[in-house]
Structures are given as structure tokens and as C-alpha cells.
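In what follows, a structure is listed as C-alpha cells, so that the remarks can point back to it.
The values are calculated or read from the model by the stated rules, or taken from the named source; none is laboratory data. Note that this is a predicted model, so its numbers are computed, not measured. Neighbour counts are summed over all protein chains in view; Cβ atoms, including those assigned to glycine, are modelled from backbone coordinates with ideal geometry. What goes into the accessible areas is simple: the full protein's heavy atoms, side chains included, and nothing from ligands, DNA or RNA. Shrake-Rupley method; radii C 1.70, N 1.55, O 1.52, S 1.80 Å.
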Amino acid sequence: MSKRVNIYDLAVGGEGVGRLEDGRVVFVAGAALNDRLLVELTEEKSRYARGTIVDVVSAGEGRRKPLCRHVARGCGGCDWQHLSEEAQIEGKISLVENALTKLGSIASPDVGYVSGPETVRYRTNIRVGVKNGRAAYRRSRSNELVQVDDCLVAHPLIDEILAEGFFGDASDVTIRVGSRTGDRLVVGEPTAENFRVPDQVPVIGRNELRKGADAYIVEEAAGIRWRISANSFFQSSPDGAEMLVALVAEWLTDHDVGEQAMVDLYAGVGLLSGTVGDWFQKVTAVESSASATADAAHNLGSHVAIHRVPVERWVPELADVVIADPPRSGLRAQGVEVIRKTEAPHVLLVSCDAGALGRDAALMTSSGYELDRVDVLDMFPQTSHVEVVSGWVRRV
């Protein structure tokens, strides 16, 4: 039986938030703020429910027709394509404000916004499922696959592979490209057997990588050529990487951070160690990934000491500044405790999940730090994903 729902908020994860007649919160994918909807419930719990849209009775002011034809077919790759650019911006700022207020107990946070790369054709790294040998994205909150032959947010070098590629019996495929070098790489899970891709595009299976095979692309960003292996993390685009570096550099400059020692936690292939790290006499990069630490050793200068170890097991060193770019789960208590033990007066945190930022904010505050600045860096247009750069100053 369908239910009428008014959407009054957007949740971390991108769904609209409304209430049922019995008082339960209901989460609705594809909803816009102030939508009046007819919803079919698909999941019911004692305190909340989830539903799908049967009909848009009255559209909220931020709703628009999605730009990509695959959304109507059920593709869940871009969960905010139904929102105008203005509504996406307002939604992301609101997500971060709410997380800092409700989870971080920070009153009236002043959240800035920095536009990221182009709103389409910006992604240089995607992961897709495989359906009948062809690339496919999953439906929202489902394992059901929707076959695609192009992608609105993927770089044209990726689009050619989506259009022409055949991926055999693989379950998943990762495609990485260097937009400024032309490098491309296709990785099949579990193998890359019987793949057909455009000429001169390297192909490798996860089974080969697990046995020690080497595969990487080279990308240019911030005036540096970065080696990025198949299993290593890098930002969604070189433009986004440069914007991140610029935000970090601006905050460090504004606070006249000392030039002695910098610690780079969750350092990846060395983006921040290799850029703003050049301002410091000593840089310590901490990263647990074997492929990323190998890339960092290739990418970085000799003044950077690279430690291949989980951040939680690293023995803290005194530092003038700590920069941390943790995974989606955030720093959590152990990561914040490591930062506290460095006694760093300045900390820059890069968060890719608003909820994790809120939880980390509460931990940072309880560890003696105050939030100085927070900016949404919009590196994932058409989606609810956020990249947030926050600056923290230790209370004297």
C-alpha cells in the first residue's frame, strides 16, 4: 500500500527524509527537498522504513530531469542527478552542517563551499559490475545490474572502454585513466580472461596482482607525474587533487605553520607529502597499503620517511602539523589518539563521509582541538558524496 510522504531533509547517503503517519522516519532514494511523494515501502523496521517513489505528487524546487538516460533505466551510480546544481550544493553544505552539529556537538559551524572539477566527464577511476560481458552499474541499494555503454561522469578515455569493452566472466571491472597522460588500465575481478578492449589498453586480473604482478598508470597533477598502481588510491580527478592541495596550502599559509616536521597519515601515493610536504624539513608519511607505499617511494623525495604500517600501529612522532586523509570510516578513536600524541598544534583532516567527519569532530574536540575552518570540496558532482577539508587548532 502506497504512503504519502513529505521530504523535509536529505540524509548522509543521499536519500530524502520524511515521516510516516505513525511517526517513523522514512528514507527515500531519488527524493528532493520539499518533494511531496507517493511511496511504496520496501523495508520496515520499528523505528524507520525505506521506500521507493511511486509518483511525484508535487516536486520540490530543487528537482530536475536527470541529465543521463541511464537514471530512468534504474542506474544507481549517480544518486543526485535528479537535483539541480544549486540543490546539490545546498544539500552537501547541509549534510556537513548537520553532521558537525548533531554528531560533533559543534554549534553553528560555518561551512564553506569550493566547486570541484567539471560537473560531467570528470572521473578518472570507476568500478563497474559485469552483465553478459558488458559494463553495468548497480541499482540503488541493490545488487541488480543495469548495463551501460557510456557514463555521464566518466572521463572520455573511460567512456571508450565502456562502449567497446567486453569483460568475459568477470564479476567486477576497475578502469583507471591518466587524463593528462593518456595512460589507461583495466583490472578484472577475479581474472581478466577473454577481455576485449580498445587497442593498446593494458588489461590485468586481480589474480595476477595478488601474485605480485605490477600494473600502474601515470597521471599529472600539481606539476608532478604520479605513479598510481592498480590497487592504490588517488583522487577522482587530477583537477580535484590540485584543488585539495590548494586548500591545504592556503590553510597552512594562513596559520603560518612551522616548517620543521609534518606528518602525513593515510598518505596514499604521496599527494600531500609531495606537494605541501616540500615546505618542511622532515616529512613522515604513514600508509598501510603495500602498493601505495611502493608508489610513494617512487613519487617522493628522500626527505620523506615512508612507514608502511596501519596508522593505529604507528609510533607517533612530534610534529608541527598533521595531515590526515582517512578512508570513509574516518579517523575513529584510535586515529585521533595517534594525532593527539604527536602534540601537533595544527591538524588538517580530509573526510570523504559527512557522518565520519561528525564523529571525528567530537573526538577531536575531546582531545583538545578546536575547529578553525571547514570547507566542502565538491569533487563528486551528480552524487551525494562529499570531500570535506577541516582545519583544527590545539587549545593552549
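If you go through region 186-204 and keep only what is open to solvent by 50 Å² or more (accessible area, probe 1.4 Å) and either assigned to a loop (DSSP other than H, G, I, E, B) or small (Gly, Ala, Ser) (or both), you end up with 190, 193, 194, 199, 200, 202. Scanning region 205-247 for residues that are open to solvent by less than 30 Å² (accessible area, probe 1.4 Å), assigned to a helix (DSSP H, G or I) and over 15 Å from residue 379 (Cα atoms) returns a single hit, 209.
Could you identify the single residue in 366, 351 that is of a type in the set (Ser, Thr, Tyr) and in contact (Cβ under 8 Å) with a residue 12 or more places away in the chain? Working first, answer last.
Numbers: 366 fails: in contact (Cβ under 8 Å) with a residue 12 or more places away in the chain.
Of the residues listed, the single one that is of a type in the set (Ser, Thr, Tyr) and in contact (Cβ under 8 Å) with a residue 12 or more places away in the chain is 351.
Residues checked against (1) touching an Asp or Glu at 6+ places or on another chain (Cβ under 7 Å); (2) among the acidic types (Asp, Glu); (3) free of Cβ contacts under 8 Å to residues at least 60 places away in the same chain; (4) closer than 15 Å to residue 128 by Cβ:
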{"residue": "159", "(1), (2), (3), (4)": "yes, yes, yes, yes"}
{"residue": "163", "(1), (2), (3), (4)": "yes, no, yes, yes"}
{"residue": "167", "(1), (2), (3), (4)": "no, no, yes, yes"}
{"residue": "171", "(1), (2), (3), (4)": "yes, no, yes, yes"}
{"residue": "176", "(1), (2), (3), (4)": "no, no, yes, yes"}
{"residue": "185", "(1), (2), (3), (4)": "no, no, yes, yes"}
{"residue": "195", "(1), (2), (3), (4)": "no, no, yes, yes"}
{"residue": "199", "(1), (2), (3), (4)": "no, yes, yes, no"}
{"residue": "212", "(1), (2), (3), (4)": "no, no, yes, no"}
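With respect to (1) among the charged types (D, E, K, R); (2) buried (at least 16 other Cβ atoms within 10 Å of the Cβ); (3) more than 30 Å from residue 370 (Cβ to Cβ), the lone exception for residue 90 is condition (3).
Being polar (S, T, N, Q), at pLDDT 95 or above, over 23 Å from residue 352 (Cβ atoms) and part of a loop (DSSP other than H, G, I, E, B), is that true of even one residue in region 95-117? No, region 95-117 has no match at all. Among residues of region 34-57 that are in contact (Cβ under 8 Å) with a residue 60 or more places away in the chain, those with a beta-carbon under 7 Å from a residue that is hydroxyl-bearing (Ser, Thr, Tyr) at least six positions away or on a different chain give the pairs 50/42.
Any residue that is in contact (Cβ under 8 Å) with a residue 60 or more places away in the chain and surrounded by fewer than 23 Cβ atoms within 10 Å (Cβ to Cβ) - is there at least one of those in region 276-284? No, region 276-284 has no match at all.
The residue that is most open to solvent (accessible area, probe 1.4 Å), among those in region 124-143 that are at pLDDT 95 or above and farther than 20 Å from residue 168 by Cα, is 125. Kindly establish whether residue 161 is part of a strand (DSSP E or B) and either open to solvent by less than 40 Å² (accessible area, probe 1.4 Å) or of a type in the set (Ser, Thr, Tyr) (or both). In short, no. Residues that are hydroxyl-bearing (Ser, Thr, Tyr) and under 20 Å from residue 239 (Cα atoms) were ranked within region 164-185; the one that is surrounded by the most Cβ atoms within 10 Å (Cβ to Cβ) is 179. For region 29-51, the criterion of being surrounded by fewer than 16 Cβ atoms within 10 Å (Cβ to Cβ), at pLDDT 95 or above, over 30 Å from residue 159 (Cβ atoms) and among the small types (Gly, Ala, Ser) is met by none of the residues.
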